[in-house]
Structure formats: structure tokens, C-alpha cells
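Notes to accompany the following structure.
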Amino acid sequence: MDKDSAVLQGAFLQADRLCLPSSLSRIHKADWSRVNLPILQVLRDICGRSDQPSLPALTWQKKVVCVVWLKLMSREAEEDVEKGWRDNPFFSLQNGLPEVSRVVLLELVKSLSAAPVFARLLLCLPQQQICAELQTLAEHLRTDPSPEDVCFLLKVWWELWKGRDKCQTQEDKDLEMMFVRQFARLSSDCPSVSAQAAKRLKLDLPASSANTDVLHVLLHALKNMKDQVSTTDLCLQSLLVCLDALYTSFLIDQEVVLPAEEKLLVLCRVADTRGQTQAWSPELLREALRDLRASHSPSPFQPSRMTLSQALKIVTELTEFWLERDLLRAPGRSAFLLQRSVQRVLAALEETGTSEGVTEKSTLRGLLSSLSLPAVETPPQVQARVAAAVVSHQLEDCEEFAALFASQLSWTHEELWMDCLEKNHTAFTQHNTLISLSSTLVSRLQSGDVNISWCRRAIKTAADVFSALSLENQNQVLAAVLSRSSRGFFGCSVPSAVADGFEQELNMAFNCLIQGGGGASAAVSQGSLTTAASLVARVAFQNPEAALKSCCHSAVFNRGAFSLMAQILQLLPGLGGQRGGEDGVEQQEAGGRGGLLCRCLQKAVGGKSLSACDKEQLLKFLSLLMTPGPTLQGEQKTQRFLSPQEVVNTLVLPHLSAEAEDTFDAELSLQLLHAALAVDVQEVAPSPHWVLACSPFPLLYILAQRYNQTLMCWERSCEDSDHLSSMDTRELLESVLSLLGQVMGAEVAAAPSSWSRPLFWLYNKVEQLDWTVRFHLKPLWGEHFKNEVPVSLLAVCDLPEQEWSGLDLPQYGPGTGLLAWMECCCVSDALQASMLSHLSLDQRQPDHVSMFSKGLLVALTQTLPWCSLSQWSRLLRALRELMVSGRLSVPFSLEYVDFLPMLDLRRFSCELRMSVLLLRVFQLLCGSSCSSWLSADGWNHVGRLYAHAVREMMSSVQARLPAPPPSPEAPRSTDSISSVKTPKMHEDPLRDTKSSAQKLEGSNMAKVNGAPSQEVLFVLSQLFCHVQHIQVMTPGGQSEVLFLCSLEILSHYEAVMAAFPDSCSPAESDNTRHFFSTITDNLDNQEMKAVLQQKISQLVSSAA
């Protein structure tokens, strides 16, 4: 036992001696004032020493009340000392006290103003026990009552209604827990304790059961002491407690949530009645907030005996009694609170709609009229101080007050406002609160009544609060900020020093991102990605447009940064919303269409010359943003940051028309359109499709026009730069037309009648273009129209009339049927299949086949220069099909052979004849009648097409090579461009046990299944000679594409010689080098000739 406990025991013993000849166990209420001095003095000394490191005053009060109460109960229960010593943690202090009565307990509580302590201990007990103790209290107070007794009753009453204190320390909770356990133990040892206490208060109750109605006990206790209410303040307080108890017990079944503005009004009125030093004390405000909650929450003690009419009758009787004594005047805080309470009760009674209590309602209305108070306007500075006190001390509902604090523009002129904001970040970390705060700051900045220091502090503090939010809440704030202004805090004129500071922060943020993880090879972890997103979100919160401009600039112009920027933006969908727009000027300046990101992208690249790498990064960046990305957990897809519709409307449509002042070139716009359409190929297409909002039929017509221009690309002048790259966009246009046609075809098929007019409009508009354009839109036409082809095509194809019809086109006169046939073979695989299956050719007539082959050679010469790469690949497949089926005759001549090779070349006949056919085409194309058709770019294009065909032939030839023999000593070429690709051959598991004859037979079988390397070398030599021949024939003779193709053939030749040493003897390789060098001597370009001859010199046989 400590010193304070010993002193306290001594004080009680001294008080007991002062009671002589009686004792504290038999003391009367009137005698308490005579003996209480030693006890109260000691408690004041213990609780008042500020340097005392022991328990706080409230805890000491609670401990004393617990000990005295348990001392009383142990006496009533006649507790065994031995048992108490073992079970009672308060035994050491409690055993040293003299025996006490309930008078001592209750008067001690009253003298110490410990009604809250007493009430909180009561709340730890069962409700029946609470009623019993309250009945004891009422009986005690009714003896020689005084105004102080009434005040004590009201305090205990209201503390019960306020409930348990949420701010209790762990020590308080432990103390209460020990008290409850001892109380329960003593009650079980002596069940008569509570029964005896209940009998001491004689109320008009049935004797069959104990009263458990707390409100009934308290109302009757107050009614019995109504004569002791002698002051206005006590009268107002009594009615306030009665009405609030009635309201919360009968008229509400759930908490009535008050707005923060109303709570603040009450707190300001409470503070207005206190002294300046006490007005904003945290304890005062905390209790005022508890009072507010208790008066608007259902009572913790629901009535079991008393009814609403009975309670209302008692309250009105008390009201009338005190009105007659002229006690209901209206000064101070209690009158204001009572006025609100009466209004609540009357409003709730009206809502019930009952006709009972007419007299009582009239009495309450009279009370309300007597409490009419003048309207008091609380100054903004007082409101700000009270709200700041609640926020700073983190009192109840501090988050609501923080939201109110953040939304009041008039408070921002107080220095207190900024100080509170800076010191209490956590109170403002609700996204709605921060949205209000940012709106308030913008309004203050727009007023112009700010200085540099205030701007910096305000923006930095708001950004710090924003950074403390979760990523989800940050997105909600960003969406709200963006809905007001795309420039955030900088949408109005702010001091230049503040704007410069933000620019530095912005640049530093993106420099950190680029240097820390923006490279193409950087593997960004999920945690790092979240950190990067938060970093961008912070600057975007201050100025969304500036942050997005930096994102776009980094994505386009920093190598590899597009992926990181896209990942960051996908985690910030709040930046992807449309601007609400408070002014039309900014929208007009921005182009009036599209989202903020697209407008920022236009500004970031506008007027700049984009390299091929920049365009590629821009395309990948937007493609990623149009594709739904993974969430932080990676379990599901997020909503795409950019909708394809937005990209098409903003970045494609304005730049496809001929009148547009292109920020992007046409090819990039087409690539963006293709990427947007391809998104829905991977994802489930929406219904209706987004492309319907992009003027699809005019768009299809523009694309068809663009495609039509590419068909005439070599007929344009070289100075027309708009069409120099049109051949490169041909394939892209074909793909876009196909995708868009399929999308719109599905929409048309779903509702044909709705689309008939635009469908016929487009069909008629396309009639002005090349006849092949309509075939690219075949998915759109469906079965609505016949296939229209030149009439000359019908002469070489047996096409059904119900599906095909002829067109009289001037450029397709007699003899042009095969030209139209070949153009159809280029359009699509399906159309090519129709052309091959319906080709009208009698193979039994050799002259027909010969004439067809000659006509096809001429048609191929006319078609080749205008083919795109995909069309050329499709056409090569058709030519191979014609050769294999015997419909195309191409004799193979040995013009590049010194001696007749003793080889079996039948399996390579298709490749050899294809090479000869292409050589004949170029002989015609380079002849005097055709050489003027093409420009330099045109010759480069046909060179690329020819090189593509040669590579296909090389791949086909090499695929037939057998597996090379396992000879580790065989030399490998270190100069080869590509290695030899050979298929796996199954080994014979019995090869070691076979006889020589069997081995020879197996070797011969291998030669049947896989082509011998000599034949492959021969075919490669023919391809090399043909390529050299064509390079010499072409104008200028310096085609780089054909030069590289020749080098590639030589590298493959060298690789085959190295892999198969027996394929070429030293003499044969010497002859080959001499022969190749002779062919190469015809080149005019000395540099190309030197490189090729050096490569030829390396073709040395490794055979023994």
C-alpha cells in the first residue's frame, strides 16, 4: 500500500472519530458536513499535487468511490475477511477503512462532484441493479433535500444518458472491470442486498416485481424534489434533462444525425457563456459534443413501465409548477438548449399524429414562447476557433468539423485557419474533405487577395494531405478537381514565384520517374509502380493539365518511357474523365472536343517533327491506354483510361480530311484508328459499338478515298510528298477498311432497315473510285449488292450471274481479263479462292495454256508495281497454285549454267520456275516500253517486293535440307547472315547393326526424303544469278534492297557448304567463285561489287 492510500485511511478514521458517540456506519445526512473535512482535504491534496506522478485526479476519485462502495457492500454481505483477502484487489485499502453507510458513499460522491464517476460505475451494472441503486439515491436525496441534491440528481441522470466515455484510459477500464467483478461476487453472496435497497424507496409500484424502469425512477425522484428547484438555471436544466430523456426514450428509434454546422452553432453558444480562457477548452467542447450526441440518440434505458403520456404529463406538471413560480426566464446557455429540446419534442409529437396529450402540447408551446430568444450571430472568427479546437484536439466528430473547416471561405482569412490546417493533416484525409478544401483554396486564389507565402503554404499543405490518401481516394479527388478545372490551383492568376515553384516540383517528379524506372528494360515492381503513381497524382492534384502534358511528353520523347507512363495513368483513372468546364473559353481553346489527355497530347507534339521512334512510342502509349489494365491486385481488369471513341474523334477524324491542318501525319492517324479498332478484337465489343459515334459511313468513304489514292501512287508527280508514302500505308488502309467494315457489317445485319440509306449512300459514293475498293468493303455490303467486276474478267472466269455482274470500264478493254483476274487475286484470300476455282482454262489444249501463260506474264508485269506487300504475298500463292496445278507454263532455261548439272531438280521446279517467271517480268518491266512507268521510289518498291519473293523461295528451299552430318570438325561460317534451319530427322536405332547394303539403302532413302545439298546449292546459285541480272537491268543498277538480297543468298550458300562439306568439291567451289565473280562484274556500283566479290571469295569448300 502506498503513502497516499495510508493517508486516506487515516482521514476516514479521523472522520469516524468526529462522529462520536456515533460512527460513519450510522451517520445521518445532516451530519456529513460536520465530519467530511478530513476526507475532502486529503483527497484535494492527493488529486491537486501537479508534481504527483501517480494516478490522475479522476482515476483517484473513481478508485475512492469503488473502495467505499465495496466496503459498504462487504458490510451488508457480511463478507469473510479471509475470503476478501484472497479475492478482493482493493482489500489493502478497503480493510483499513472504518465501516461506512450509504450516506457516506452518496455524500462523498456529491462533495467530490464525482457524479460522472458514480454514473459510469452504475453503467457497468445490470439494469435491474442500476434501478435499485437509483432508488437508494432517490431515497437519500429526498431526506432533507436541497438544490444541491437536485443538481446532483440531474448530473447523475444525464451522465447515465450520455453512456460510457469512449475516451477512457486502459487503467480506468481495468478499475471498472475489478469493481464489476467484486460487485457481482458480493451480490451473489448476499442476494438480499438489492432487495433491501429497493424497499427503502416507497413508490406506487406493484409488489410482484422490482422496478427496472430507469426513467420512471428518475422522473419521480425529480418530481418529489420539485420544491427545491429555486433558481432559473436549475429549473431550465431540470426541464432540459427531462425533455431530452423523454425525447430519446419515446420519440426516436435511431440516432438523429446533425449537420456539422448545427453542431458548431451549439458549441459556439456553449462557449459564449464561459470565460475567455475556458471557452475553447477541449474538456468543455468534448462534454458539449457528448451532450449533443446523447440528446439525439436513443436512450440506453428503454422504458418498461412508464408510457409516453405518463412521462409527458409529469414533465408538463413540472413545467406548469415552475412557470407559476416565475422560474422559466431565458438567460444563458440552458435557455438556448431548452428551446431546441422543446422544438424537437413538439416536432416529434406532431409526426406521431396522435390526438393524445393536447394539453401537454399546449403547455410545451407556452414554454417555447416564453423561451423566445433573440437571434445571435456568431462571428466567423469565433466559429473558426471552436471548429479548430475540435479538430486540433481530435474530439468526437472531428472529421465532420474538418470537412466544415475546409469548406468555409470566410475562415481562410484567419491565421488560425492555416495553422490548424498545417498541424492537423490526418483530420483532413477524407476525400470529400479534401475536395472541399481544394475548392475553397481555388476560390481564395481566384479572389486575388493572397500573398506568396499564403499560396505556398496552402498548396503545399493541401498536396501533403492529398499524398496521405489511398490511391483509390486520390482518384476520387482527382476526378473532382478535374471536373472543376483542368489547371487545378493554377486555373487563375497566382504569383509567378508560386508557379515557378510548381514547375520545379513537376520537373523533379518526372525526372525521378524517367531516371528511376522509365527505360524500356526497367522492370517496375508493383510497389514501385504505386509509388510512381502517387508521385504523379500529387502534381496532378495541383495542376492536372500540366501533369498530363509531362506524361505525354515523356511517353513520346523519352525512349521506353511510354510503358511506365501508361501503367501510371491506368492507376489514375481519375485523370481520365471529361472536363466539366466552368468556362467555355478554355474548351474552345482546347479544340472543344475530346478528353484532357488527348488535348495534352496534341499540345505536346503539336508543331514538332516526330521521328519514327517518337511515332512508335506515341502509338504504343495510346494503345496501352485504350486497353483495360490490371488492378493493383492483378486479379481483374480496370476500366480503360482512354476510350477508343475519344482517340478516334480527337486524334484521327480531324486529321484524315484533306482540309485538316495535320498535327499528326495521315499514316499515324491511320495507325491510331487501327489500334482503336483492334482493341475490340481482343476485348468483348460493346453494344452498340462505340464506332457508331464516330460518323462511320463518312469515315469509311474517306478511308476508301485514301485507299484509292494509293492505287495511283506511281502516277503522281515526285514532288507530291503527300503520296510518296502512300504505298507504305496501303496495307494499313486495307486492314482498317476490313476491320471497320466487319464492325459496321454486324451493325447493319442486326438492323438492316435502319442502315439502308447510309449503306446505299456509301455504295454510290464508292462507285466514283476504283472498282476494287468495293471488294474491301465486302463485309459491310453482305448480300445487299452483287459483286461488280470489269466485263473483261467475265471472259476468263465462269462466274455465276446471280452473284456477279460486269462493269463497262474504259481502262479494261478487250484482252484485260487476266489483269482484272490478278487484281482480284490480290484483294483477299476469299476472292482469290473464287478466282482460282472459276478460272476458265482448258488444260487439255496446250496452245490455250501457252496463251494463258503469256497473258499472265503481261498481266503480272502490269500488276506487280501496284501491289502492297500483303497483296504480293497473296499473289505469289496464286502463282504457285497455278504452277502446281499445271495451268501456268514457265519453261526453265539454263542460261546461267556452264555445264549440264547431273542433279534431280524436280522437287525444286516450283521455285526455279518462279524465279524465272519473275526474271521475265522484270525483263518486260525494265524494257523500253515500260521503264518509264515508275519513279525512283516505285523501283525501290518493286525491288522490295522481289526481294520478299526471293526470301520466300530461299526459305522453301532450305526447309528441305536433310539434317547435317554429325561432324564436329566441320568448319562453321562466322560470316553468315542467318543460320541454316533444318527439320529434325528421326535417327534409325538399328543403324549400327545393319549390313553395308542396308546402310546404303538407308542413305538412299534419306536422299529421297530430304533434298541433297548439291541441289540446294544449285537453286541458290540460280537465285543469285537472277537477282544480279535484275539488279543490273533496273534503272541506275544500284538497288540497295537487291544488293542485300544477294548478300543474303551468298551467306546461305556459304552456310550450306559449311554444314555439308561433301556438297561441293574444291574444284567445284573454285568454279563457283569464278562464275559468281563474272556475274557480279556487270554491276556498275564499285562499292557493291567489291563487297559481293569479297563475300564470294569466302565460298571455299571444306571437303577433304
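The values are calculated or read from the model by the stated rules, or taken from the named source; none is laboratory data. The structure displayed is predicted, hence computed values, not measured ones. Note that each Cβ is placed from the backbone with ideal geometry, even for glycine, and that neighbours are counted across all protein chains shown. What goes into the accessible areas is simple: the full protein's heavy atoms, side chains included, and nothing from ligands, DNA or RNA. Shrake-Rupley method; radii C 1.70, N 1.55, O 1.52, S 1.80 Å.
When His1052, His948, His393 are compared by accessible area at a 1.4 angstrom probe, the order from most to least is His393, His948, His1052. Subtracting the Cα-Cα distance of Ser929 and Asp847 from 0.36 nm times their residue separation leaves 26.9 nm of extension gain.
The mean sequence distance of close C-alpha pairs (under 8 Å, at least 6 residues apart), as a share of the length of the stretch 789-889, puts its relative contact order at 28 percent.
Using Cα Rg over 2.2 N^0.38 Å as the read-out, say which of [x] 1.22; [y] 1.12; [z] 1.56 was calculated from these coordinates. Structure-derived value, by its label: [z].
Taking amide H as placed 1.01 Å from N in the peptide plane, the amide H of Trp804 sits under 5 Å from that of Asn787, each at least 5 places away or on another chain.
In the neighborhood of Glu400, defined by Cβ-to-Cβ distances under 13 Å, what is the net charge if each Lys or Arg adds +1 and each Asp or Glu adds -1? After counting each charged neighbour, the total is -3. Dipole magnitude for the chain: about 2140 debye, using +1 per Lys or Arg Cβ and -1 per Asp or Glu Cβ, origin at the Cα centre.
Report, in degrees rounded to the nearest 10, the 0 to 90 angle that the Cα long axis of helix 127-142 makes with the longest principal axis of the chain. Once rounded, one gets 30 degrees. For Thr426, the accessible area of its heavy atoms, probed at 1.4 Å with every protein chain present, is near 100 square angstrom.
At an R0 of 60 angstrom, the distance between the Cβ atoms of Asp904 and Arg456 translates into a FRET efficiency of 0.10. Packing here is the average count of other Cβ atoms within 10 Å per residue, and on that basis the peptides 59-67, 553-561, highest first, run 59-67, 553-561.
Here the spin labels are modelled as points 7 Å beyond Cα on the Cα-Cβ line, and at Ser483 and Ser756 they lie 4.5 nm apart. Annotation: extensible slack from Glu78 through Gln526 equals 154.4 nm (criterion: 0.36 nm per residue apart, minus Cα-Cα distance). Taking a sphere under 10 Å around the Cβ of Lys460 and counting the other residues whose Cβ falls inside, with K and R at +1 and D and E at -1, yields a net charge of -1.
With a/c under 1.5 counting as rounded, go ahead and sort the stretch 1020-1104 into rounded, prolate or oblate using the C-alpha gyration tensor (a ≥ b ≥ c being the square roots of the eigenvalues; past the cut-off, prolate if a/b is larger than b/c, else oblate). Taking the square roots of the gyration eigenvalues as a ≥ b ≥ c, the stretch 1020-1104 is prolate. About its Cα centre, the stretch 1040-1104 has a charge dipole of approximately 80 debye under the convention of +1 per Lys or Arg Cβ and -1 per Asp or Glu Cβ, with nothing else charged. Around the Cα centre of the stretch 789-889, unit charges on the Cβ atoms of Lys, Arg, Asp and Glu (plus for the first two, minus for the last two) sum to a dipole of about 420 debye.
Carbon-plus-sulfur accessible fraction, the chain (probe radius 1.4 Å, protein heavy atoms only): 51%. Mean separation of Cα pairs under 8 Å and 6 or more residues apart, divided by the residue count, gives the chain a relative contact order of 5 percent. Across the protein chains, with a 1.4 Å probe defining accessible surface, the residues Arg75, Arg538 rank Arg75, Arg538 from largest area downward. Surface analysis of the chain yields an accessible area of 45 Å² per residue, using protein heavy atoms and a 1.4 Å probe.
Computed 3J(HN,Hα) for the stretch 484-494, one whole-Hz value per residue from the Karplus formula 6.51 cos²θ - 1.76 cosθ + 1.60 where θ = phi - 60°, is 8, 7, 7, 10, x, 5, 9, x, 10, 6, 10, glycine and proline marked x. Accessible surface for Met822 stands near 0 Å², nearest 10, in the context of the full protein assembly shown (1.4 Å probe).
The aspartates and glutamates whose alpha-carbon is closer than 13 Å to the alpha-carbon of Lys1089, local same-chain residues fewer than 8 away aside, are Glu1040, Asp1081.
With the simple model of a label 7 Å out from the Cα in the direction of the Cβ, Gln1094 to Val1032 spans 2.3 nm. Ligands, DNA and RNA aside, Thr378 has an accessible area near 30 Å² when probed at 1.4 Å.
Between Ser92 and His948, the distance separating the two model label sites (each 7 Å from Cα on the Cα→Cβ line) works out to 9.8 nm. Full extension of the chain segment joining Phe697 with Gln127 gains 197.3 nm, where the gain is 0.36 nm per residue of separation less the Cα-Cα distance. Take the Cβ atoms of Glu317 and Thr378, set R0 to 35 Å, and the FRET efficiency comes out at 0.45. Using 23 Å as the Cα-Cα cut-off, could you pick out the over-long pairs in Lys63/Lys83; Lys223/Lys263; Lys223/Lys361? Exceeds cut-off: Lys223/Lys263.
What does a probe at Leu769 reach in the stretch 823-838, counting residues whose amide N is under 16 Å from the point 7 Å along Cα→Cβ? Zone members listed by number: 827-828. In order along the stretch 224-230, phi translates into HN-Hα couplings of 5, 10, 4, 5, 7, 7, 10 Hz, rounded to whole numbers, per the Karplus curve 6.51 cos²θ - 1.76 cosθ + 1.60 with θ = phi - 60° and x for Gly and Pro.
Measuring against 24 Å, Cα to Cα, the residue pairs Lys62/Lys226; Lys29/Lys226; Lys29/Lys71 contain Lys62/Lys226 as the ones spanning a longer distance.
Which angle between 0 and 90 degrees, to the nearest 10, do you get for helix 147-162 versus the longest principal axis of the chain when only C-alpha atoms count? Tilt of helix 147-162: around 20 degrees. Under the criterion of Cα pairs below 8 Å and six or more residues apart, the relative contact order for the stretch 354-512 equals 19 percent. Computed from the Cβ-Cβ distance with R0 of 22 Å, the FRET efficiency linking Arg329 to Ala30 stands at 0.10. The alpha carbon gyration tensor of the stretch 789-889 gives principal lengths a ≥ b ≥ c with a/c below 1.5, which makes the shape rounded. A 1.4 Å probe over all protein chains sorts Lys223, Lys854 by accessible area into Lys854, Lys223, starting with the largest.
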